[in-house]
1. With the structure loaded, tell me whether Arg355 is under 26 Å from Arg22 (Cβ atoms), surrounded by 21 or more Cβ atoms within 10 Å (Cβ to Cβ) and among the charged types (D, E, K, R) or whether it fails that test.
2. If you take just the strands (runs of 3 or more DSSP E) that sit entirely in region 1-99, which of them hold at least 2 residues that are among the basic types (Lys, Arg)?
3. Do we find a residue being β-branched (Val, Ile, Thr) and at pLDDT below 95 anywhere in region 226-247?
4. So, Val212, is that one surrounded by 19 or more Cβ atoms within 10 Å (Cβ to Cβ) and either of a type outside the set (Ser, Thr, Tyr) or within 18 Å of Arg166 (Cα to Cα) (or both) or not?
5. Of all residues in region 136-170, which are touching a strand residue (DSSP E or B) at 6+ places or on another chain (Cβ under 9 Å), surrounded by fewer than 20 Cβ atoms within 10 Å (Cβ to Cβ) and basic (Lys, Arg)?
6. Is it the case, given these coordinates, that Ser330 is among the small types (Gly, Ala, Ser), over 21 Å from the mean Cα position of the chain (by Cα) and either within 30 Å of Leu15 (Cβ to Cβ) or at pLDDT below 95 (or both)?
7. Can you tell me how many residues in region 105-120 are out of contact with any strand residue (DSSP E or B) (no Cβ under 6 Å at 6 or more places or on another chain) and either surrounded by fewer than 17 Cβ atoms within 10 Å (Cβ to Cβ) or more than 18 Å from Val155 (Cβ to Cβ) (or both)?
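The values are calculated or read from the model by the stated rules, or taken from the named source; none is laboratory data. This structure is a prediction, so every number in the text was calculated from the model and none was measured. Methodologically, a virtual Cβ is constructed for each residue, glycine included, from the backbone with ideal geometry; neighbour enumeration extends over all protein chains shown.
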Amino acid sequence: MSRPDASLPNHFELLATDSGARTGRLTTPHGVVRTPAFMPVGTAGAMKGIHWREIRDAGADIVLGNTYHLMLRPGAERIAALGGLQRFTGWGGPVLTDSGGFQVMSLSELRKVTESAVTFRSHIDGMKIELSPERAIEVQRLLGSDIAMQLDECVRLPAGRDDIERAMRLSLRWAERCRRAFESAPDGTMLFGIVQGGDVPELREASARALVDIGFHGYAIGGLAVGEPQEVMLKMIEATAPVLPSDRPRYLMGVGTPDDLLESVKRGVDMFDCVLPTRNGRHGVAYTRYGAVNLRNARHADDPRPLDKESGWPAARTYARAYLHHLVKSGETLGAMLLSEINIAYFQQLMAGMRAAIAQGTFEQFYAQTRADWARGDIAAR
């Protein structure tokens, strides 16, 4: 059942391009998403160590919820009865939910993949659960997703070509089933297909072309940021992006570092998600205009300077590095909270800077200045 893109309503408006980078506007039932966009990850309906108000104030338009975790606890039907993720969590804005496939593959030691579904044991209570393409769409609809993802099989790299191609072909068949299951979705909600193909460029291209023939509101590049070198990831983006429709959003799943974001936007990616800002914040790492700062290091113990006196985020320009170092070394929860919000704010500032530069036709200058600032920070830290 192939449907060309033209048969689907297009919620994405491409506003400007510059040196391969793109900026646009994605309209969802719960608000507009400015792209390029970084989506903070609220795995179980919450951000670790940071309140929704900080997420909003930092400039995030959209967040990610995790289908696997939410379907296990508190349950998709319960969330639906309580008004969907937006009302249940208090976030209120756009939400993208992943399909749960990656977590099944990465968290469930006992799992079985067949043509019909993936069967696994819950990591919470050991209950046996079956997740089919149809159930993945049903769960995401119950959660109230603005953007749902197809169910796919993600193979960890490195892997043999035969295994990569087998998983890619299965993911395409599941994509067809997800597309059919999504037919009666509420107006304005979207379904994204996921390009697979591991680190094999011709498989990536074949996957992308097949997904375009099926027809989706947007397209994700999956199965990367799973341990492969950055140059491999970028090569796969370069193999995939030209095949995807220019008038549909492109989402690189599970990425990444500020460097990854800058390089991927340069290659035409529009959307990202990653746990890195909050996870590394909990481990004492702050992201700034001048690169990453490891506040566990003793060199910060007597440093009265803030992380960035010119930052637009109050915590980054207010608290002394010495104080942040003290909080981290003491295991104080406040340290993790402050660094998490500082990191989320920096990631949002980076995306806002790229959006403005693309709109103004100055992305190359922004790219060069950002890299120069990071390099200057590296030198200062030596």
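1. Considered against the rule, which asks whether it is under 26 Å from Arg22 (Cβ atoms), surrounded by 21 or more Cβ atoms within 10 Å (Cβ to Cβ) and among the charged types (D, E, K, R), Arg355 comes out as yes.
2. It comes to 21-28.
3. The answer is yes, given that some residue of region 226-247 is β-branched (Val, Ile, Thr) and at pLDDT below 95.
4. The answer is yes for Val212.
5. As a first pass, look at region 136-170 and keep what is touching a strand residue (DSSP E or B) at 6+ places or on another chain (Cβ under 9 Å): 136-137, 139-141, 143-154, 167-168, 170.
Still in the list and also surrounded by fewer than 20 Cβ atoms within 10 Å (Cβ to Cβ): 170.
Across region 136-170, there are no qualifying residues.
6. No: the conditions fail for Ser330.
7. The qualifying residues number 7.
Table: residues versus (1) among the charged types (D, E, K, R); (2) surrounded by fewer than 22 Cβ atoms within 10 Å (Cβ to Cβ).
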| position | (1), (2) |
| --- | --- |
| Leu252 | no, no |
| Val275 | no, yes |
| Thr278 | no, no |
| His283 | no, yes |
| Tyr287 | no, no |
| Ala298 | no, yes |
| Pro304 | no, yes |
| Asp308 | yes, yes |
| Ala315 | no, yes |
